[in-house]
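Okay, structure first, notes after.
The values are calculated or read from the model by the stated rules, or taken from the named source; none is laboratory data. Because the structure is a prediction, the values reported are computed rather than measured. Reconstructed Cβ throughout: ideal geometry from the backbone, glycine too, with neighbour counts over all protein chains shown.
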Amino acid sequence: MSFGDFLWSLLIFYFIFFYFMILFRIIGDLFADHDASGWNKFLWILFLLFFPFIAICVYLITKGPAMTQRAMARAAEVNASQQAYIREVAGAGTDPTDQIAKGAELLKSGAITQTEFDALKAKALA
């Protein structure tokens with residue numbers, strides 16, 4: 001096997017991996033779309049099975065912006081719930097030293113950054 005054959009094999013592997021990433025992202029988005037009916041989802045799945053490359057292109061063109069909006073909405077929900085949890089845990093105690101200790105635990109676990117810990121500490125000491 002020559003170096004050129006290796007590079008072609010690597011390129012083919014990359015495109016197969018890329019194809020499956022896009023395919024699973026589309027299938028995940030398809031089932032996360034609450035506006036689409038069951039028949040609509042079924043037809044998209046059939047289209048993806050029998051004409052995969054055409055279906056991927058058509059889906060990304062027709063539903064790409066909505067796909068992005070759904071992903072951003074999910075990310076915003078996760079961020080909001082994480083921030084609520086951090087506020088709940090960090091603000092659990094009324095004693096400033098207790099709040100700082102909780103913040104230090106969150107900092108150690110990686111749930112908050114050093115900047116967020118400094119802000120929490122300043123707020124507790126104020």
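Structure notes:
- Breaking point among (1) loosely packed, with under 10 Cβ neighbours inside 10 Å; (2) acidic (Asp, Glu); (3) in contact (Cβ under 8 Å) with a residue 24 or more places away in the chain, for residue 33: (1)
- Where a residue in the stretch 98-120 is free of Cβ contacts under 8 Å to residues at least 12 places away in the same chain and its partner, wherever it lies, is aliphatic (A, V, I, L, M), with Cβ under 7 Å and at least six apart: 114/107
- Enumeration of residues in the stretch 1-22 that are loosely packed, with under 13 Cβ neighbours inside 10 Å, in a helix (DSSP H, G or I) and not aromatic (Phe, Trp, Tyr): 4, 5, 7, 9, 10, 11, 12, 16, 21
- Residue list for the stretch 75-86, restricted to those being loosely packed, with under 12 Cβ neighbours inside 10 Å and either modelled with pLDDT of 95 or more or not β-branched (Val, Ile, Thr) (or both): 75, 76, 77, 79, 80, 81, 84
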